[in-house]
Amino acid sequence: LEPLWKDQTLNLTASLSATLLKMAISLDPCADSTVEGIQSIIEALKAVCPTGCDAGIAHAVMNIGMITQVDGKVIRQLIMRILVLDELNFTEDKTIDVDDATPLMLPPRVGLEHADASVRLNAIEILARDPSAVDSEGESLEQALLRHFVTEDDLKVAVAAGEALAGLLDGGSDFVSLSLVEDCLKALRKWTFLDKNSTEEPSRALEVALDIAGLAVMALGEHHHMDEVKLIHQQLLRGIIAHLNVMEAHASSALLKALGRSRNSKKNAKNLLLTTELLRNGLRSCWNDKETPANGQNNDIFFRYYLDVYSSVLVGAIGSSTKAISKEYVSDALNACLLRVQFEESPNTETLGQQLNTCATRITSVDTSAFLDAIMQLSLLPSKNIYEAVCITSIDRLCDGYASAHGLSKLRVLMEAALRPDSREMCVLRFISLASDCIANKKKEISSSLTEITIHVLALLG
């Protein structure tokens, strides 16, 4: 019958477990055979859906005053018999006040599903102190806490659940499960979205979400290269890196945890973006891998912020260095800036222009293919406003730097770019326009290059 239960598992198990417990409570006295029968059914329900079963029990207890006038001690003993519990690790249900003024005590795993936020909070505090207070079967404590952190509508309870989970994971909990790691990413996305749309300071929930994300990446460890976890591993790292500008302390701590570095490391986390091959490969995958934001997933909430952080770090390193810069650094910085131009809805044209110009000063470090790819991508930008505000100047400077380094005329560079077999119509038209401006502004150059330019233009126009 399991397939029948699967569709509405949560509601069905909650309803039936609540009904059974209410029935037991309403019987005075409740015979041993009845207790045993209810006990066996509840155990079966818990095996099918522990969350729904606990929620139903919590509902029944919360409405106990409508069922019976039996004193709290008797009810507690009955519930303990049905659920096979002892006196330890109970959470107080503050919504129930029975005749003898003895508050009813719930098992913490049941209290975790209670409708009252204070009871849920109390249950989380108990579970954080003693994780053994949860049932060994069904949903794990890590899963339950993460579920509450993602779905909880009470901020205080959500933060408590997240902090308890982070404590478990930091203590070496063995939770390497793909579904659990995916939920860690959901939590980071949820609290990032809520924080992004809030006028208040970054919330404690987002800080905890970053902490959990770092621990999740660390837990994946050497498994990160496997196909089934590769994407989620990269997305979590991008999510952490995306927060380095606005929440540097917490994002840095999360990144150090993710990479297995010492928590007391004095090294600036942003420097790790330059020196850690794993992170650099993750950036390169954005324009090389078909499964990345640059190829259809650019709506990811982290992607734009991730590119913003990475491009600023790389360009800063290029601009401040007095030494020779490797072509990989320049190429990575240039590609990161180009992706920002392509995928940001309203990019800061001044900042982007400065970054691209910095790349232009180091363009001699890259090979011809990377240079031509760069100016082609700049010329393909559909937004006329951004093209005119940022790209024209950048293409000019890139061409100037490349032409000077290779002993070529700027006109030749532009025309060769236009003549590439893979050049699109927009590229060709924009390169010809730039070449025309170049001819108009530098008439002396025409006499020495006129033949060359004419041949190129005729070939281009067929």
Hey, does segment 20-31 have a residue that's open to solvent by 40 Å² or more (accessible area, probe 1.4 Å), assigned to a helix (DSSP H, G or I), at pLDDT below 75 and in contact with a helix residue (DSSP H, G or I) (Cβ under 9 Å, 6 or more places away or on another chain)?
no
Quick count over segment 173-189, residues being open to solvent by 60 Å² or more (accessible area, probe 1.4 Å) and either at pLDDT 85 or above or not in a helix (DSSP H, G or I) (or both), is 5
Could you list, ordered by first residue, the pairs with Cβ atoms under 9 Å in which the first is in segment 177-191 and touching a residue at least 60 places away in the same chain (Cβ under 8 Å) and the second is open to solvent by 40 Å² or more (accessible area, probe 1.4 Å) and polar (S, T, N, Q), at least 6 apart or interchain?
none
Step by step: first the residues of segment 403-441, then only those that are hydroxyl-bearing (Ser, Thr, Tyr) and not in a helix (DSSP H, G or I), then the one that is surrounded by the fewest Cβ atoms within 10 Å (Cβ to Cβ). Which residue is that?
Ser409
Spot the failing condition for Val134; the list is (1) open to solvent by less than 30 Å² (accessible area, probe 1.4 Å); (2) hydrophobic (A, V, I, L, M, F, W, C); (3) more than 30 Å from Cys53 (Cα to Cα); (4) at pLDDT below 85, and only one is missed.
(3)
Of all residues in segment 283-311 being among the aliphatic types (A, V, I, L, M) and in a helix (DSSP H, G or I), the one that is modelled with the highest pLDDT:
Val309
Restricting to segment 407-421, count the residues that are in contact (Cβ under 8 Å) with a residue 40 or more places away in the chain and out of contact with any helix residue (DSSP H, G or I) (no Cβ under 8 Å at 6 or more places or on another chain).
0
Name the residues in segment 383-403 that are free of Cβ contacts under 8 Å to residues at least 40 places away in the same chain and not aliphatic (A, V, I, L, M), would you?
Ser383, Lys384, Asn385, Glu388, Asp396, Cys399, Tyr402
Within segment 190-221, track down each residue that is over 20 Å from Leu256 (Cβ atoms), modelled with pLDDT under 90 and surrounded by fewer than 19 Cβ atoms within 10 Å (Cβ to Cβ).
Phe193, Leu194, Lys196, Asn197, Ser198, Thr199, Glu200, Glu201, Ser203
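The values are calculated or read from the model by the stated rules, or taken from the named source; none is laboratory data. Being a predicted model, the structure only gives us computed values, none of them experimental. For neighbour counting, all protein chains shown are included, and Cβ atoms are generated from backbone atoms with ideal geometry for every residue, glycine included. Surface accessibility is based on the protein's heavy atoms, side chains included, excluding ligands, DNA and RNA. Shrake-Rupley method; radii C 1.70, N 1.55, O 1.52, S 1.80 Å.
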